[in-house]
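One structure below.
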Amino acid sequence: YAVTGSGQANDITYATLQQGSGQNGEAQETNVNLPWTKTITASGLFTAFSVSATVGSGGGTVTCTITEDGQQLNTNTATGAFASAACSSAGK
């Protein structure tokens, strides 16, 4: 997962689903300086990923990206006060 943009992200939420692994879950970080990255290890027959980031009241731009093994799976950008960019993808 990666989030880039100007300034700070008010919050970043990310989740991973790994079928049959018991390692499913969601986490949130607040008042995050950008750029931000999080590397996870996932395996299994079915995997799914999501990340979203929200700009604070001061406005700005935020871009989320999901990359798996060097291949970009999804990206999205949002601009403005309280704007939110969300990305999700099934694994390869």
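The values are calculated or read from the model by the stated rules, or taken from the named source; none is laboratory data. Fair warning: this is a prediction, and the values are worked out from it, not measured in the lab. Heads up: the accessible areas ignore ligands, DNA and RNA and are worked out on the full protein's heavy atoms, side chains in. Shrake-Rupley method; radii C 1.70, N 1.55, O 1.52, S 1.80 Å.
Determine by what factor the alpha-carbon radius of gyration of the chain differs from 2.2 N^0.38 Å, reporting the quotient.
My calculation over the Cα atoms of the chain gives 1.07.
Could you look at the chain and say what percent of its accessible area is carbon and sulfur, using a 1.4 Å probe and all protein chains?
Heavy-atom surface of the chain belonging to carbon and sulfur, 1.4 Å probe: 44 percent.
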